[in-house]
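Read the structure below first, then the notes.
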Amino acid sequence: MRCFLPKKIWIFIFLSVLLLFSLIHYWPPEGNSTVDVGPSQSQKAFNVLKERLQDVTRSYENIPYVPKEKVAGRLAVNGCVCEADKKPAIDLPFAQVLFPRVWAQDDFHTAFQRAELAKVKNRRKQEFNSLLQRYRTPADVLVIAEANSPLEYPTQGVEVRPLKTVLIPGLGLKEKPRPLYTVNLTATLGTFDVSATVDGVSVGGEGEMHLYLSSGVLSALNRQLQFVTYTNTLFHPRTADTVQFETDGHQAVFTIKVGHAVTPKLYYSGVTEEYNITALVTIATKTFLRYDKLQDLIDSIRVFYPTVTIVIADDNEHPEPVKGPHIEHYIMPFAKGWFAGRNLAVSQVSTKYVLWVDDDFIFTSNTRLEKMVDVLEKTTLDLVGGAVREATGYTASYRHTLSVEDGGEEGDCLHIRQGFHHAVQGFPNCVVADAVINFFMGRTDRMQQVGFDPRLSRAAHLEFFIDGLGSLHIGSCDDVIVNHASKIKLPWGKSEKEKAYQNFRYYSPGSGQIRNSLFFFKNRLQCLSSN
Ligand SMILES: *[C@@H]1O[C@H](CO)[C@@H](O)[C@H](O)[C@H]1NC(C)=O
Ligand SMILES: *[C@@H]1O[C@H](CO)[C@@H](O)[C@H](O)[C@H]1NC(C)=O
């Protein structure tokens, strides 16, 4: 019997063979596959969540409502402003000290040329979006569990290591009697399987992103659901998969976190019960043109802490030796700047805590570092500020709160206010704030993570706390006091060196421009207000 295949079939076979060859040729070799770590993968998951949220929020749209102004006004809207307080009609002396008025700045954008501002904004938008894509996971997105679903599932807390497998706990179906029960599971970054089979349940899609189970016996199906496993297949060190779980007429979504365990960074500081300051703390400072003051600081430290390590970052043009035991002196390029020096000094610290001091501070018997260590050891604070006493006797701890208001496309608004959030239980002299004075002790690794932006070369301080907002937990204790070598001097009483220092630190052309450009672009702010 002869059989002639039609021409179409021949073409089909020919194309199939061709396809097979190209598949073999281009199939990525095992273990050496390239993986898309771009945003498109997690974007799929975001889209699933977004669609569901829209469905939920769209219901009941036709029912009228009356807004409650007082409460509604407190909700964030897509836009913000930085407003200065109006000048009072009568300008009393000391009014600013007694009732600090809010001032505002909204010209950050002037750091850029008017002609290129549109391009800069566009670039800022791109950078911001790619930052969001890198740091947000579907586990950060709002998920709503709808009422009356017969589906039982874990809303949060399922975690898997990259490319590893876990059992998904808590899956179940609570359905009225019916002839056939079915459930489906769909993932985007991994596959499902069952670690055991149950009689009377049919399972499809094992080893794939879509698993379906059905059975005529509800209890058998529920038993089978206890053996469902999830395997992550797309490597990512920190992300989340979105799993859709559905049965006839009902849908649920939950996330499975995918990620390596965070590698801990612990500091060994001996086994004594008492705080060993030498083992726990490094003192860091930056010096410029003030070797006499620096020596006074070192001498005063040595009275109380003879063996604690002192790290000095030095960007003098003609560096002088700073001698003594337990001193690390780092010479930097000339006039590298204030934050670059802080950054270098802090980068060299190998103890659990680092204490920041200015080079014109003086330790006294009130400078009890043990108190700061105690607060950091016994609370979740990452950083705690002290107080600085001026020669006049005036003592400041410079506590501030920071808040960022969502400003949409134009960038956000930063509001800086004097004050603090609340007291710290068990430490009557300590409060929680967002920014403190330039005398503070912090967890070394946390401070290194935030870093001091080396582009801020002159007067800068709050900028570190703005960068750390949302990641550093900050306190302030006014019973740990360091003295400030006198700053208030009449101009004709200043030495040549002091005058040069003032010029460098405070009157550098262009430094305001750099600060504004960092606020505008790096921190994505449109304005700030402060008091
Ligand atoms: C479950 O998946 C199967 C196979 O993809 C499909 O035929 C069925 O309609 C799905 N059921 C539900 C409830 O989504
Ligand atoms: C404190 O720590 C330092 C440095 O680790 C060590 O040399 C010293 O012996 C310790 N002191 C005590 C009392 O344990």
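The values are calculated or read from the model by the stated rules, or taken from the named source; none is laboratory data. Please read all numbers here as calculations on a predicted model, not as lab measurements. Cβ: placed from backbone, ideal geometry, glycine included. Neighbour counts: every protein chain shown.
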Pairing a residue in region 335-355 that is within 26 Å of Glu370 (Cα to Cα) with any residue that is among the small types (Gly, Ala, Ser) and in a helix (DSSP H, G or I), where Cβ atoms lie under 7 Å and the two sit 6 or more apart in sequence or on different chains, gives Thr351/Ala279
Exactly one of Tyr267, Tyr212, Tyr230 is among the hydroxyl-bearing types (Ser, Thr, Tyr) and within 16 Å of ligand 2 (Cβ to nearest atom), and that residue is Tyr267
In region 173-211, anything closer than 18 Å to Leu151 by Cα and surrounded by fewer than 16 Cβ atoms within 10 Å (Cβ to Cβ) is listed as Lys174, Lys176, Pro177, Arg178, Pro179, Leu180, His210
Restricting region 135-160 to residues that are outside any loop (DSSP other than H, G, I, E, B) and surrounded by 13 or more Cβ atoms within 10 Å (Cβ to Cβ), the one farthest from the chain's Cα centre (by Cα) turns out to be Leu151
Within region 370-408, of all residues that are under 12 Å from Val431 (Cα atoms) and of a type in the set (S, T, N, Q), the one surrounded by the most Cβ atoms within 10 Å (Cβ to Cβ) is Ser397
Val243 passes all but one of the listed conditions (1) more than 16 Å from ligand 1 (Cβ to nearest atom); (2) under 27 Å from the mean Cα position of the chain (by Cα); (3) assigned by TED's automatic domain parsing to the domain that holds Thr165; the exception is number (1)
Log entry, pairs with first residue in region 224-243 being in contact (Cβ under 8 Å) with a residue 24 or more places away in the chain, second being aromatic (Phe, Trp, Tyr), beta carbons closer than 7 Å, six or more apart or on different chains, reads Val228/Phe192; Thr229/Phe192; Tyr230/Phe192; Val243/Phe254
Subset of region 447-476, residues buried (at least 18 other Cβ atoms within 10 Å of the Cβ) and more than 16 Å from Leu414 (Cα to Cα), comes to Met447, Val450, Phe452, Asp453, Leu456, Ser457, Arg458, Ala460, Leu472, Ile474, Gly475, Ser476
ask   = Does Arg342 meet the test of being more than 30 Å from Gln156 (Cα to Cα), basic (Lys, Arg) and surrounded by fewer than 21 Cβ atoms within 10 Å (Cβ to Cβ)?
value = no
Scanning region 285-314 for residues that are modelled with pLDDT of 95 or more and in contact with a Phe, Trp or Tyr (Cβ under 6 Å, 6 or more places away or on another chain) gives Leu297, Ser300, Ile301, Phe304, Ala313
Note on region 280-308: residues outside any loop (DSSP other than H, G, I, E, B), surrounded by fewer than 16 Cβ atoms within 10 Å (Cβ to Cβ) and within 16 Å of ligand 2 (Cβ to nearest atom) are Phe304
Glu206 meets each of (1) acidic (Asp, Glu); (2) touching a Phe, Trp or Tyr at 6+ places or on another chain (Cβ under 9 Å); (3) within 24 Å of Arg52 (Cβ to Cβ) with one exception, condition (3)
Here the qualifying pairs (Cβ atoms under 8 Å; residues six or more apart or on different chains; first in region 114-137 and more than 22 Å from Arg238 (Cβ to Cβ); second among the aromatic types (Phe, Trp, Tyr) and assigned to a helix (DSSP H, G or I)) come out as Val120/Phe520; Val120/Phe521; Arg123/Phe521; Arg124/Phe520; Arg124/Phe521
Okay, strands (runs of 3 or more DSSP E) sitting entirely in region 161-230 with 1 or more residues that are more than 12 Å from ligand 1 (Cβ to nearest atom) and of a type in the set (S, T, N, Q), I get 165-167, 190-194, 210-215
Within region 279-294, restricting to residues that are closer than 13 Å to Val311 by Cα and of a type outside the set (A, V, I, L, M), the one that is nearest to ligand 1 (Cβ to nearest atom) is Thr282
